[in-house]
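Structure first, then comments.
The values are calculated or read from the model by the stated rules, or taken from the named source; none is laboratory data. As the structure is a prediction and not an experimental result, all values here were calculated from the model. Cβ: placed from backbone, ideal geometry, glycine included. Neighbour counts: every protein chain shown.
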Number of protein chains: 2
Amino acid sequence: MTNFVCGSNRIAGCSFSIHPMSDDFINIILGALKEVDTSKVWMETDDVTTLVRGRIPHIFDITKAILLHAAKTGVHVAFEATYSIGCPGDTAGDVYLAEDDHVLNKEKVDVIKQKAATKFALYPLGGGDYMEQIYAQIEAMKGRGVAVSSTHYATRLDGEVVNIFNGLEQVFIDMEESGSSHTVMTVSMSVNSPLKSMK
Amino acid sequence: MTNFVCGSNRIAGCSFSIHPMSDDFINIILGALKEVDTSKVWMETDDVTTLVRGRIPHIFDITKAILLHAAKTGVHVAFEATYSIGCPGDTAGDVYLAEDDHVLNKEKVDVIKQKAATKFALYPLGGGDYMEQIYAQIEAMKGRGVAVSSTHYATRLDGEVVNIFNGLEQVFIDMEESGSSHTVMTVSMSVNSPLKSMK
């Protein structure tokens, strides 16, 4: 049981996909989903993305775990996600807010060593000072054990998957604690890429 | 030569990836890129995404063309993109704004019949009336020859790839013409999926 406390009891969520670049993509996706404990979230998969909704710690715990289980096959996998909290009128699935903050997949996946290249973008909606909020979060990311660099339309993070997810979760927590009404964050992550970085 | 005129001369851009779920993914990606005429945009690929920057018509023409060339292999392909215009301080590559609006790939790819399932989300940044702008664009999409439905964190579009891209480009043009200072739109598209929609 962790002592972590969310800055808010609002429902968070993520619409995400994992794309294994392999003929065996179906088994890799289904295999990864099967290894993850999703009992503390609402979850639904369709032909475009998987939706997961609940408390912030579980949203990040589960998306990280699914990617790491897919990545350990050694196949080149892309992870594409939109994390969101505070969308006006968003209420379905609120029952999962009664879950505690003890995450169910950390112990099993945080031991997996896996490098990733990531681009993330933060969109604080509804306010005029959003660029200052974005710059502050990029600056804070530099203290979180990942290499931070700039690119068009996003910020690039290079490092261990576990550190990257921890850093991204902290962005979300910080935005909630700062009172942001509606926060969206997009993440594109690439693991086991055969392409060397051209940066 | 089309008579299309952009609502703005600001530089638009897109950070995108195509993910062919196949062992042959490298050849499919390189093959698609080779078939597309990118001479009217600035373009750069790294190990996470490809960046394309220039005028709105070319940004949508090129991303549509790359997806359609990859899709015609019959392989299950995911397309993930973030379109952006008006990011404060965004100036590099402005030389491509001198290009005219005649798109270079439409003739070759608009004849390709290809169904897709898509989720898109619009993020007008910096203003308080963003939800009204989003709802108006979703409503307008219903008259553009694609099936429009709602899902968490996004709006779902089903139909022909060409119609979906035309509709998404129109969203961007409308946002520019409405005077939006900074607009971001994310798109997740799936073609040739072996999964039937669970909706």
(request) Quick one: which residue in B:T186, B:T151 is buried (at least 21 other Cβ atoms within 10 Å of the Cβ) and touching a strand residue (DSSP E or B) at 6+ places or on another chain (Cβ under 8 Å)? (result) B:T186
(message) Being within 13 Å of chain B (Cβ to nearest Cβ), at pLDDT 95 or above and under 24 Å from A:V36 (Cα atoms) is the requirement here; does A:A117 meet it?
(response) yes
(request) Read through the list (1) farther than 26 Å from A:K40 by Cβ; (2) over 18 Å from the mean Cα position of the chain (by Cα), then give the number of the only condition that A:A121 fails. (result) (2)
(message) Quick check on my filter: what residues within the stretch A:14-36 are within 21 Å of A:D94 (Cβ to Cβ) and either of a type in the set (A, V, I, L, M, F, W, C) or away from every other protein chain (no Cβ under 12 Å) (or both)?
(response) A:C14, A:F16
(request) Give me a count of the residues in the stretch B:115-145 that are surrounded by fewer than 18 Cβ atoms within 10 Å (Cβ to Cβ), outside any helix (DSSP H, G or I) and at negative phi. (result) 7
(message) Being over 18 Å from the mean Cα position of the chain (by Cα) and aliphatic (A, V, I, L, M): is that true of A:L104 here?
(response) no
(request) Identify all residues within the stretch B:40-56 that are without any contact (Cβ under 8 Å) to a residue 24 or more places away in the chain and within 8 Å of chain A (Cβ to nearest Cβ); write none if there are none. (result) B:E44, B:T45, B:D46, B:D47
(request) Determine which single condition B:L51 fails, assuming it passes every other condition in (1) under 15 Å from the mean Cα position of the chain (by Cα); (2) crowded, with 24+ Cβ neighbours inside 10 Å. (result) (2)
(request) Considering each residue of the stretch A:157-167, count those that are out of contact with any helix residue (DSSP H, G or I) (no Cβ under 7 Å at 6 or more places or on another chain) and crowded, with 21+ Cβ neighbours inside 10 Å, and give that number. (result) 1
(request) Among the residues of the stretch B:146-199, write down those that are within 12 Å of the chain's Cα centre (by Cα), in a strand (DSSP E or B) and either more than 10 Å from chain A (Cβ to nearest Cβ) or among the small types (G, A, S) (or both). (result) B:M185, B:V187, B:S188
